[in-house]
Amino acid sequence: QVQLVESGGGMVQAGDSLRLSCAASGFTFSTDAMGWFRQALGKEREFVGAINWSGSMSYYADSVKGRFAISRDNAKNTVFLQMNTLKPEDTAVYYCAVRRYGVGASRQSADFRSWGHGTQVTVSS
């Protein structure tokens, strides 16, 4: 059974950094693209970024471009989200998911599956 477990969230101050991890099991992780999404209170779930199967290509929402970076370690079945220069507007529950095949460089939540339960990131000013 496919399982994704996010970790690494916490409470930080504006300007700080965090690295989130997503540990995968139950599928062939090394052949799948992975994505990160977030959902703030009162907001819709929004795309953060994604990375292809090998880690050679990634893409991001404009709101995090230049501050966040996705990487992966296929030998350890783990994808990471490095978050730098955090802002209060980054406060949200962060989720990882598996990108479906045939959707290209999608930014839509419907094109991802097997969501984890999320990890809370809170950034205070």
Answer with yes or no whether Met11 is farther than 22 Å from Arg113 by Cβ and aliphatic (A, V, I, L, M).
yes
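Can you tell me which residues in the range 98-107 are assigned to a loop (DSSP other than H, G, I, E, B) and surrounded by 12 or more Cβ atoms within 10 Å (Cβ to Cβ)?
Scanning the range 98-107 gives Arg100, Val103, Ala105, Ser106, Arg107.
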Scan of the range 82-104 for residues that are of a type outside the set (D, E, K, R) and under 10 Å from Gly35 (Cβ atoms), ordered by number
Tyr95, Cys96, Ala97, Val98
Residue check: is Val79 outside any strand (DSSP E or B), of a type outside the set (Lys, Arg), closer than 22 Å to Asp111 by Cα and open to solvent by less than 30 Å² (accessible area, probe 1.4 Å)?
no
Could you check Gly49 against (1) open to solvent by less than 40 Å² (accessible area, probe 1.4 Å); (2) over 15 Å from Leu20 (Cβ atoms) and say which number it fails?
(2)
Within the range 19-31, track down each residue that is closer than 19 Å to Ala92 by Cα and surrounded by fewer than 17 Cβ atoms within 10 Å (Cβ to Cβ).
Arg19
Return only the number of the condition from (1) open to solvent by 30 Å² or more (accessible area, probe 1.4 Å); (2) more than 13 Å from the chain's Cα centre (by Cα); (3) not hydrophobic (A, V, I, L, M, F, W, C) that Tyr60 does not satisfy.
(2)
Quick one: which strands (runs of 3 or more DSSP E) lie wholly within the range 1-66 and hold at least 2 residues that are aliphatic (A, V, I, L, M)?
3-7, 10-13, 18-25, 46-51
Of the conditions (1) more than 18 Å from Ala14 (Cβ to Cβ); (2) touching a Ser or Thr at 6+ places or on another chain (Cβ under 8 Å); (3) crowded, with 21+ Cβ neighbours inside 10 Å, the single one that Met34 does not satisfy is (2)
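The values are calculated or read from the model by the stated rules, or taken from the named source; none is laboratory data. Just so it is clear, the structure is predicted and the values come from calculations on it, not from any experiment. Note: ideal-geometry Cβ built from the backbone for every residue, glycine included; neighbour counts use all protein chains shown. Calculation scope for accessible area: heavy atoms of the full protein, side chains included, ligands and nucleic acids excluded. Shrake-Rupley method; radii C 1.70, N 1.55, O 1.52, S 1.80 Å.
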